[in-house]
Amino acid sequence: MNNPVQPAPETLAKQLALVIDLNVCVGCHACVTSCKEWNTSGAAGPLTDLNAYGERPTGTFFNRVQTFEADSYPDTQTIHFPKSCLHCEDPPCVPVCPTGASYKRKSDGIVLVDYDKCIGCKYCSWACPYGAREFDEERKVMTKCTLCVDRIYDELLPPQDRKPACVKACPTGARLFGDVKDPDSEVSQAIRERGGYQLMPEWETQPANHYLPRQITLSTVPQAQPNFRLGDFLNGEPASGKHKPGSGAMEKDAR
Amino acid sequence: MKPALSIILFTTIAGAAQGMVVALALATLAGIAPATALAPMLWAATGMLLVALVASFFHLGHPLRAWRTVLMWRTSWMSREVIVLPAFIALVGGWALLATLAQRDAVAPHWLAGMAIVGAVLLWYCTAMIYACIRFIQEWAHPLTVVNYTTLGLASGFVTAGALAVMAGEPGFASDIAPWALAATALAWFTRALSLRRNARLKPKSTTQTATGIQAARVVQKSMGMTGGSFNTREFFHGASAHGMRMARTGFQVLAFALPILLLAWALLSGSALAWLLALGSQAAGLLAERWFFFAQARHPQNIYYQAVS
């Protein structure tokens, strides 16, 4: 039930987030494996794998790439859909935590779990409509995307590497990273100019992560010649708006 | 949602203990409390609450850190429950101790009975709000969740009190509260049926379209991104068939409400001890099934993201 005394979501000055471009994601899962590699080796890990070489391998991941199909033939589209914690500005998973292990950082808006305080009651995962949290079956604590908090501020890394592992791994540049509260940032511009949207707006969680919609790209190459008839072509009669064969421009048109 | 045995046991056993404490408190206020059985019944309630508390620990990944759960009482209903539960156990245990020491000649402390009622209601409220406050689990996000935790607890508490009374050789007290047990069970059936009716008509607010933002009439998942399952596919899917769900829905209403009402009517008319015990057994089984159904029926919006393996 909606709690009428719920305080208005506080607005932070800075909110780091990912902007995911569905237009160019090719579903290669490089972000998934890169995320797993970085986070299983770092402060957030290890991310347990169970039955890794068995019939049904399962493990803890912070990031998944899913595939959806939209519309029907002949307009069918395949959309690859990366999914991780959205670092909501009003995260429903945080206030329900009985120990305070789940928290949202005031400095940059990242939603984190303190693994030393987590009792593993899983209540926060129930309170996330996106299924962004995964319980680690071996460590018995709730885990989630940290936005690579142990990487983005690491001054030992070259500045261009101070980005989440998934962003660095993406071969098509489908993942942008930055401060969505800074209107001049790359992510804010992308959201503004390319119709960036949030997932499940109906629950008013105000996800910080945004998605850029897939755009149907129409070919700019001229369509097959209209009213083309072989006889006309052989007789040297041009179709409307088309060049005569052998005029030198045909090769370019037909490409 | 996947029902967890630890939570099913915790909520049903604690609910029955709370109901029994309310029954004994009301009887104390009305001056009809059982003379010899009051203390043992209060001890039984204390024991049931402790068993429930132990069961709840099995839900935790790190039980030794459980003390931390009292910290976030400002925002978390689970934290509030964790504060109220031990306080209520202490209250009931204290009353049991007092009843044991005072024996039968002491005046029943009305303020203690009143506090016990308040404590039981507070605990029901906290427990139910853990579920009712999650706004996107639409089956739970309704005041009926709080109402049902209360009425189901009251019904099972009155039935438990009556059954324990006949076992403790207080058939008089049992026949005194038989009409109350009957009424509480009928009321619980009514309020639970209201929520069943509401849930049957619910239209999920989230769709594949809102979950992905893909604007098309037809959006279906072709791959969830893994083949061997994950926490998301284990925690939020109950795995029962539609037929199984219908069976559970009918079964818990028969076992928890219909049969106990008939058995309690029999007990009311004949004073039969067997009827009380059968009513207790039937309702206990029915309420365990009811609690299983309560969790299984909740459709979590995250399931939209986990529809197809590949």
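Readers should treat all values here as calculations from the given coordinates under stated rules, not as data from a laboratory. These numbers come from a predicted model, not from an experiment. Because the Cβ atoms are built from the backbone with ideal geometry, glycine has one as well, and the counts that use them run over all protein chains shown.
Rundown of residues vs (1) more than 7 Å from chain B (Cβ to nearest Cβ); (2) more than 19 Å from A:Glu137 (Cβ to Cβ); (3) in a loop (DSSP other than H, G, I, E, B), yes/no style:
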| position | (1), (2), (3) |
| --- | --- |
| A:Glu69 | no, yes, no |
| A:Leu86 | yes, yes, yes |
| A:Pro95 | no, yes, yes |
| A:Asp108 | yes, yes, yes |
| A:Leu112 | yes, yes, no |
If B:Ser223 passes every condition in (1) touching a residue at least 40 places away in the same chain (Cβ under 8 Å); (2) under 30 Å from A:Gly59 (Cα atoms); (3) of a type outside the set (Asp, Glu); (4) touching an Asp or Glu at 6+ places or on another chain (Cβ under 9 Å) but one, which one does it miss? (4)
Tabulated pairs, segment B:246-266, first free of Cβ contacts under 8 Å to residues at least 40 places away in the same chain, second surrounded by fewer than 18 Cβ atoms within 10 Å (Cβ to Cβ) and in a helix (DSSP H, G or I), C-beta under 6 angstrom, 6+ apart or interchain: B:Leu255/B:Ala285
Here is a list: A:Val180, A:Val187. Which entry is away from every other protein chain (no Cβ under 14 Å), crowded, with 21+ Cβ neighbours inside 10 Å and touching a Ser or Thr at 6+ places or on another chain (Cβ under 7 Å)? A:Val180
Every listed condition ((1) outside any loop (DSSP other than H, G, I, E, B); (2) more than 8 Å from chain B (Cβ to nearest Cβ); (3) more than 26 Å from A:Leu22 (Cα to Cα)) holds for A:Pro82 save (3)
Take the conditions more than 30 Å from B:Tyr305 (Cα to Cα) and assigned to a loop (DSSP other than H, G, I, E, B) and apply them to B:Gly169. Does it pass? yes
Subset of segment A:126-147 [among the hydrophobic types (A, V, I, L, M, F, W, C) and either within 20 Å of B:Ser76 (Cβ to Cβ) or facing another protein chain (nearest Cβ under 8 Å) (or both)]: A:Trp126, A:Ala127, A:Cys128, A:Ala132, A:Phe135, A:Val141, A:Met142
Looking at segment B:182-194, can you tell me whether even one residue there is buried (at least 22 other Cβ atoms within 10 Å of the Cβ), within 9 Å of chain A (Cβ to nearest Cβ), in a helix (DSSP H, G or I) and among the polar types (S, T, N, Q)? no
State the number of residues belonging to segment B:202-232 that are among the charged types (D, E, K, R) and more than 7 Å from every other protein chain (Cβ to nearest Cβ). 1
Got at least one residue in segment B:58-71 being within 29 Å of A:Ser125 (Cβ to Cβ), in contact with a helix residue (DSSP H, G or I) (Cβ under 6 Å, 6 or more places away or on another chain) and hydroxyl-bearing (Ser, Thr, Tyr)? yes
For segment A:18-67, name all the residues that are free of Cβ contacts under 8 Å to residues at least 60 places away in the same chain, touching a helix residue (DSSP H, G or I) at 6+ places or on another chain (Cβ under 7 Å) and within 12 Å of another protein chain (Cβ to nearest Cβ). A:Arg64, A:Val65, A:Gln66
Among the candidates B:Pro63, B:Pro34, residue that is away from chain A (no Cβ under 14 Å) and either free of Cβ contacts under 8 Å to residues at least 12 places away in the same chain or surrounded by 18 or more Cβ atoms within 10 Å (Cβ to Cβ) (or both): B:Pro34
Does segment A:26-64 hold any residues that are in contact with a Cys (Cβ under 8 Å, 6 or more places away or on another chain) and surrounded by 23 or more Cβ atoms within 10 Å (Cβ to Cβ), and which are they? A:Cys31, A:Cys35, A:Asn39, A:Phe61, A:Phe62, A:Asn63
